[in-house]
Amino acid sequence: MIELTGLTKTFGDHRAVDDLTFTAPSGRVTGFLGPNGAGKSTALRMVCGLSRPDSGTATVDGTRFTDLPRPARVAGVMLDASAQHPGRTGAEALRLAAMAAGVDTSTVAPMLERVGLADAGGKRVGAYSLGMRQRLGIASALIGDPHVLILDEPANGLDPEGIHWMRGLLDDFAADGGTVLLSSHLLTEVQAIADRVVVLHRGRLVMEGDTDALRGEATQQLVQSTDLDALTSVLDEAGISHEAGNAGLIVDAPPASIGELALTHRLVLTRLEPSGGDLESAFLALTRSA
């Protein structure tokens with residue numbers, strides 16, 4: 001697993017990461033979320049030994065990344081897909097990654113096939129689209145056959161087909177017991193890919209848990225009834241905030257409270273579900289209140 005304990009990093013007067021503690025367990029895909037400037041990239045750089053924390057620890061399988069004898073064989077890392085030299089071909093870049101990882105370069109061709117770049121291996125990276133560079137970056141992370149993946153914005157630049165491909169790849173990796181930690185601002189994609197989430201805001205941990213638990217942080221419900229006027233009056237009497245939505249009433253209360261109120265007043269509810277109950281809605285609710 002990946003484990004962060006009390007990780008702190010300050011740049012001048014700005015505390016980028018503040019006493020951050022969380023785990024990314026094996027067999028799971030953990031989404032690392034936060035607004036721009038929340039400290040996600042700084043935290044990942046400390047995990048990978050590219051930045052030294054002021055205090056705290058970050059370990060992979062209980063060992064600091066810089067102390068791993070062959071780190072690429074344990075943890076595959078992609079922090080910047082555009083970091084590949086534009087003058088090299090995709091195959092050359094991946095061959096260098098294989099040599100650095102200490103694996104046979106015969107793995108390059110199958111890996112290019114695996115990430116959908118078999119026909120582009122002879123092209124220079126400078127001519128790659130952003131999505132192709134993302135695929136090459138993921139290939140470089142996988143070339144050492146690691147059991148941990150650390151990916152910063154891996155879906156950036158991928159088209160829908162590419163995102164579908166990446167989702168399947170990471171699902172299979174985790175199903176085989178691998179650990180995946182990925183950051184992203186594409187919250188709808190994290191919702192589809194990640195089964196755990198860690199939310200960071202202003203350098204501090206806001207929430208850690210299953211994706212369904214984060215969705216549950218959104219308390220507004222979409223409610224429909226056979227008698228919306230009567231329901232509106234009942235909500236007003238109970239002092240429950242609500243507003244008209246496109247598909248019914250948006251009610252600021254837990255579903256159990258709304259259901260009990262409707263039962264008491266013998267009102268029929270035809271719909272009761274989270275309003276915008278997706279990862280993005282819950283994420284915005286958490287970071288605005290933090």
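The values are calculated or read from the model by the stated rules, or taken from the named source; none is laboratory data. If you're wondering where the values come from, they're calculated on a predicted model, not measured in any experiment. Every residue, glycine as well, gets a Cβ built from its backbone with ideal geometry; the counts of neighbours run over all protein chains shown.
Quick one: is Glu243 loosely packed, with under 14 Cβ neighbours inside 10 Å, assigned to a helix (DSSP H, G or I) and at pLDDT 85 or above?
No, not satisfied.
What is the number of the single condition among (1) within 23 Å of Ala38 (Cβ to Cβ); (2) modelled with pLDDT of 95 or more that Gln134 does not meet?
(2)
Taking the range 91-116, which residues are of a type in the set (Asp, Glu) and under 21 Å from Pro154 (Cβ atoms)?
Glu113
Mind checking which pairs have a first residue in the range 152-171 that is assigned to a helix (DSSP H, G or I) and a second that is among the hydrophobic types (A, V, I, L, M, F, W, C) and surrounded by fewer than 19 Cβ atoms within 10 Å (Cβ to Cβ), Cβ under 8 Å, 6 or more apart or different chains?
Pairs that qualify, where the first residue is assigned to a helix (DSSP H, G or I) and the partner is among the hydrophobic types (A, V, I, L, M, F, W, C) and surrounded by fewer than 19 Cβ atoms within 10 Å (Cβ to Cβ), are Arg167/Ala192.
Consider only pairs whose beta carbons are under 6 Å apart and that are at least six residues apart or on different chains; among these, list those whose first residue lies in the range 254-270 and is over 17 Å from Gly239 (Cβ atoms) and whose second residue is of a type in the set (Ser, Thr, Tyr) and loosely packed, with under 11 Cβ neighbours inside 10 Å.
The qualifying pairs are Val268/Thr226.
Report the residue count in the range 79-100 for those that are at pLDDT 95 or above and surrounded by 14 or more Cβ atoms within 10 Å (Cβ to Cβ).
Adding up the residues that qualify gives 11.
Under 7 Å by Cβ, and 6 or more places apart or on different chains, what pairs join a residue from the range 94-117 that is assigned to a helix (DSSP H, G or I) with one that is hydroxyl-bearing (Ser, Thr, Tyr) and surrounded by 16 or more Cβ atoms within 10 Å (Cβ to Cβ)?
Matching pairs, first to second residue: Leu94/Ser140; Ala97/Ser140; Ala98/Thr107.
Consider Arg114 against the criteria (1) surrounded by fewer than 18 Cβ atoms within 10 Å (Cβ to Cβ); (2) touching a helix residue (DSSP H, G or I) at 6+ places or on another chain (Cβ under 6 Å): it satisfies all of them except one. Which criterion is unmet?
Unmet for Arg114, out of (1) surrounded by fewer than 18 Cβ atoms within 10 Å (Cβ to Cβ); (2) touching a helix residue (DSSP H, G or I) at 6+ places or on another chain (Cβ under 6 Å): (2).
Tally the residues that are more than 23 Å from Leu68 (Cα to Cα) and either assigned to a loop (DSSP other than H, G, I, E, B) or small (Gly, Ala, Ser) (or both), restricting the search to the range 1-54.
Selection size over the range 1-54: 10.
Looking at the range 277-290, is at least one residue at pLDDT 70 or above, within 30 Å of Ser184 (Cβ to Cβ) and either aromatic (Phe, Trp, Tyr) or in a loop (DSSP other than H, G, I, E, B) (or both)?
No: zero hits.
Is it the case that Leu68 is without any contact (Cβ under 8 Å) to a residue 12 or more places away in the chain and touching a strand residue (DSSP E or B) at 6+ places or on another chain (Cβ under 9 Å)?
Details: without any contact (Cβ under 8 Å) to a residue 12 or more places away in the chain: yes; touching a strand residue (DSSP E or B) at 6+ places or on another chain (Cβ under 9 Å): yes.
When the stated conditions are applied, Leu68 passes them.
Residue under question is Pro146, and the condition is that it be more than 27 Å from Thr5 (Cβ to Cβ) and not hydrophobic (A, V, I, L, M, F, W, C); does it hold?
Judged against the criteria, Pro146 is not a match.
Show the residue pairs meeting these rules: Cβ distance below 7 Å; 6+ apart or different chains; first residue within the range 27-50 and under 19 Å from His14 (Cα atoms); second residue part of a strand (DSSP E or B) and of a type in the set (Asp, Glu).
Here the result reads Ser41/Asp152; Leu44/Asp152, each pair linking the range 27-50 to a residue that is part of a strand (DSSP E or B) and of a type in the set (Asp, Glu).
What is the residue count in the range 125-166 for residues that are of a type in the set (S, T, N, Q) and buried (at least 23 other Cβ atoms within 10 Å of the Cβ)? Talk me through it step by step, then tell me what you get.
So in the range 125-166, the residues of a type in the set (S, T, N, Q) come out as 129, 134, 140, 156.
Those still in the list that are buried (at least 23 other Cβ atoms within 10 Å of the Cβ) too: 134, 140.
Going through the range 125-166 one residue at a time, the tally reaches 2.
In the range 45-82, which residues are among the aliphatic types (A, V, I, L, M) and within 21 Å of the chain's Cα centre (by Cα)? Spell out how you get there, then give the answer.
Looking only at the range 45-82, we keep the residues that are among the aliphatic types (A, V, I, L, M), and these are 46-47, 50, 58, 60, 68, 72, 74-75, 77-79, 81.
Selection gives Met46, Val47, Leu50, Ala58, Val60, Val74, Ala75, Val77, Met78, Leu79, Ala81.
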